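The values are calculated or read from the model by the stated rules, or taken from the named source; none is laboratory data. The structure displayed is predicted, hence computed values, not measured ones. Reconstructed Cβ throughout: ideal geometry from the backbone, glycine too, with neighbour counts over all protein chains shown. Surface accessibility is based on the protein's heavy atoms, side chains included, excluding ligands, DNA and RNA. Shrake-Rupley method; radii C 1.70, N 1.55, O 1.52, S 1.80 Å.
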Amino acid sequence: PPARTLPLPMQPMLQMMQMPTGPPRTQLSLAGEPLEFLIAPGDVLLVRGSGRLAEIGHAGGVMGHVLVVLAAPVSAQRGTAAANLLEELWPSSPGVTELWRVRTIESTRREQGLYESDVVLYVDRATRRLMVCGEVGLGGQLCICDPEPVECWQSPDELRAELRLDLMHEVVNDMRASQANWSIVTGVKAVFSNAELTGAKRDAKTLQHLAECWVRPPICTSVVIAFWQRYFTKLGWAISRASPEANIDASMQAVEFIFRYMPLKADRSLVGALEKQLRECRWCCLSQVPRIFRPVFMQAMAMVPVPFQFAPPCAELASSLAQPPRPPQPSVPRSPSPPPPSPPPASPPVAAASPEASEDAGVAAGKAEFAQLEAQAASPGAGALDELLPDRCLQEVPAAHLASACMMLEPVAVGPL
């Protein structure tokens, strides 16, 4: 005979899910001002003069001012803890939501020796100009100034691609130990002297003469020139040690770098002469920060009804339902059934029980009936247990039992309508 199966409720039901309604599209969104990708260690920040003669040697003086970048910019978004520390420096320009701290070194008349601080920059939304609005000392003290435009001179590509930050760290340590104070005498000397290396020989004697200019009382341009010439000297020695079989002269290698990228004397160069040489040596001037857009993939979504159907929650139940029917058992004569037990005496009427009590009583009665059937199946000459079960047990399943069975099943999506 075919295997009997319990009829389970398998009607599909609908559930609302988000489904794509069309092909994806690309939309450009403003990603901010990525100064961390535009400013690198060794770059030169140039602040143009504003015409105030009393501020020579300060940022924004009549002759301009230059600084050397030591580290990549660090962003401070409006509303963050880092931005709250810079609240007094926040510019009044509309739309400014981000400030940038840039570690720099410089020489000014208001500080002793080599001055190191964090210059605070921002991008003006109307002009896209890079602006300076103050600085933060190493001790956390704030210095507020009127916003002024800043130009960033990026080092040439071949230098920028292989910067040796370890050598730059050594250069800064050497300058801290030997840097003198800012000197007005050096500034006056620069007005009447030529700082270019015109007609100089490319030999070790020229390198020694340039090294003497590094330790003389500086002006702001002296820091930029001495920083890069010291770096080229250390880079020449590093290249010579890395390839001893090539027999490279470290002094000559350093002189070649200096004549190619920074051919000036550190103790007599004005800002205009430095800017001229930077342009001729292929340094890149960044006066405006470009708008950077990032592509964002957009997908239109909508709520769509999706049919679900019930499936067994585990593989064991699914495999049990898929088993082939058992072979028929040989017929065995049944023993006469015992007479049905006499009905119990009538009990006195009691109050109506609660639904929970009725359900517990029904479960207990079902267990007792099933135990009786098991006892009959265990007796000699009895058939299989499923032959003793009445048909109503497989056809007339109570609704409450079906509801319990439904709770044990899991929905599985079968696809959109």
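List of remarks:
- Near residue 174, once Lys and Arg are set to +1 and Asp and Glu to -1 for all other residues with Cβ below 12 Å from its Cβ, the sum equals +2.
- Modelled spin labels at residue 193 and residue 300, positioned 7 Å past Cα toward Cβ, are 7.2 nm from each other.
- Charge dipole (debye, nearest 20) of segment 103-142; +1 at Cβ of Lys and Arg, -1 at Cβ of Asp and Glu: 220
- Euclidean distance between Cα centres, segment 117-138 to segment 245-265, Å: 35
- About its Cα centre, segment 116-175 has a charge dipole of approximately 360 debye under the convention of +1 per Lys or Arg Cβ and -1 per Asp or Glu Cβ, with nothing else charged.
- FRET efficiency, 1/(1 + (r/R0)^6) with R0 51 Å, evaluated for residue 16 and residue 161 via beta carbons: 0.40
- Applying 1/(1 + (r/R0)^6) with R0 = 51 Å to the Cβ-Cβ distance of residue 247 and residue 78 gives a FRET efficiency near 0.35.
- Here the contact order of segment 88-228, divided by its residue count and restricted to Cα pairs under 8 Å and six or more residues apart, works out to 22 percent.
- Share of carbon and sulfur in the accessible heavy-atom surface of segment 147-272 [1.4 Å probe, %]: 54
- Pair residue 93, residue 181: separation of 7 Å Cα→Cβ label points (nm): 3.5
- Sequentially through segment 256-267, phi angles give Karplus couplings (6.51, -1.76, 1.60; θ = phi - 60°) of 5, 4, 5, 5, 7, 10, 8, x, 9, 9, 6, 9 Hz, Gly and Pro residues having no value and appearing as x.
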